[in-house]
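The values are calculated or read from the model by the stated rules, or taken from the named source; none is laboratory data. Note that this is a predicted model, so its numbers are computed, not measured. Cβ placement follows ideal geometry from the backbone for every residue including glycine, while neighbour counts extend to all protein chains displayed. Please note that ligands, DNA and RNA were not included when accessible areas were found on the heavy atoms of the full protein model with its side chains. Shrake-Rupley method; radii C 1.70, N 1.55, O 1.52, S 1.80 Å.
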Amino acid sequence: MFTHLGKDRRKEEERIRSEDRLPPGQSLTLKFPVLHYGPVPPFNPSTWDLRVWGEVEEEKRWTWEEFNKLPRTKVTMDLHCVTRWSMFDSVWEGVSMRTLVDGGLIKLKPSAAFVMQHAEYGFTVNIPLDVALQDNFLLATHYNGEPITPDHGYPLRGVVGAIPGREDLKTPYLWKGAKWLRGLEFMSRDRLGFWEKAGYSNSADVWKEERYA
């Protein structure tokens, strides 16, 4: 049984590689590994909110009920973790940052150039605004048709990946989307997040294998 599954994985990896979808140094996984720093936080829908502040015309704060009424998007993406696993054709559903900005639900000041994702327990992840506004960055609530599990970031996580055939999109490693997301701070200048301060690459381009600073 194990050998059979191993052969299937290898064949699938070769297929993905032949389509130029496997970045350097990565290997296909048929599972969704759980990797994070710290414990899984509790979730109380009556007290949870998502705050938006910084280089915006007005601050926002959505309750869980309000957030779930925002326009929703589905995206199929390949995910690439800095720990060298890659998962392909995963379907994510949630709220697109670009939709929020284009629709005027978040009104950015001209000075906005970076976004800091603030998560539970003070965890932070920074990304350029142009990446946050791409089609491959999502404020996600669902994975493959089901709510995200607590260990993968429930109720809300940033998720970033590669969209097959969209070579125009920058694709950073998966850690550039924060689990258990609680805030979006728009910034005029870049600040390093948790893992970036610990020595990980700030740009984190999967195709250039930018793992560490």
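Here GLU93 meets each of (1) touching a residue at least 40 places away in the same chain (Cβ under 8 Å); (2) within 25 Å of ASP190 (Cα to Cα); (3) of a type in the set (D, E, K, R) with one exception, condition (2).
Among the conditions (1) assigned to a loop (DSSP other than H, G, I, E, B); (2) loosely packed, with under 14 Cβ neighbours inside 10 Å; (3) among the charged types (D, E, K, R), ARG21 misses just one, which is (2). Report yes if THR83 is surrounded by fewer than 17 Cβ atoms within 10 Å (Cβ to Cβ) and modelled with pLDDT of 95 or more, otherwise no. Judged against the criteria, THR83 is a match.
Please work out which residue is most open to solvent (accessible area, probe 1.4 Å), limiting yourself to the stretch 197-213 and to residues that are out of contact with any Ser or Thr (no Cβ under 7 Å at 6 or more places or on another chain) and in a loop (DSSP other than H, G, I, E, B). If we take residues in the stretch 197-213 being out of contact with any Ser or Thr (no Cβ under 7 Å at 6 or more places or on another chain) and in a loop (DSSP other than H, G, I, E, B), then LYS208 is most open to solvent (accessible area, probe 1.4 Å). Among the candidates PHE43, PHE32, the residue that is open to solvent by 50 Å² or more (accessible area, probe 1.4 Å), among the aromatic types (Phe, Trp, Tyr) and not in a strand (DSSP E or B) is uniquely PHE43.
Among the numbered criteria (1) assigned to a helix (DSSP H, G or I); (2) closer than 20 Å to THR76 by Cβ, which one does LYS170 miss? So the condition that LYS170 fails would be (1). With respect to being open to solvent by 70 Å² or more (accessible area, probe 1.4 Å), at negative phi and not in a helix (DSSP H, G or I), ARG51 fits the description.
Only one of the listed residues (THR141, THR83) is farther than 30 Å from TYR212 by Cβ and among the hydroxyl-bearing types (Ser, Thr, Tyr). That residue is THR141.
Per-residue answers, yes or no, for (1) acidic (Asp, Glu); (2) open to solvent by 10 Å² or more (accessible area, probe 1.4 Å):
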residue	(1), (2)
GLU146	yes, yes
LEU156	no, no
ILE163	no, yes
LEU169	no, yes
ARG182	no, yes
ARG191	no, yes
TRP195	no, yes
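Per-residue answers, yes or no, for (1) among the aromatic types (Phe, Trp, Tyr); (2) more than 18 Å from the chain's Cα centre (by Cα):
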| residue | (1), (2) |
| --- | --- |
| PRO45 | no, yes |
| TRP53 | yes, yes |
| VAL56 | no, yes |
| GLU66 | no, yes |
| ARG72 | no, no |
| CYS81 | no, no |
| SER90 | no, no |
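Within the stretch 92-104, is even one residue over 18 Å from the mean Cα position of the chain (by Cα), open to solvent by 70 Å² or more (accessible area, probe 1.4 Å) and under 28 Å from TRP207 (Cβ atoms)? For the stretch 92-104, residues over 18 Å from the mean Cα position of the chain (by Cα), open to solvent by 70 Å² or more (accessible area, probe 1.4 Å) and under 28 Å from TRP207 (Cβ atoms): present.
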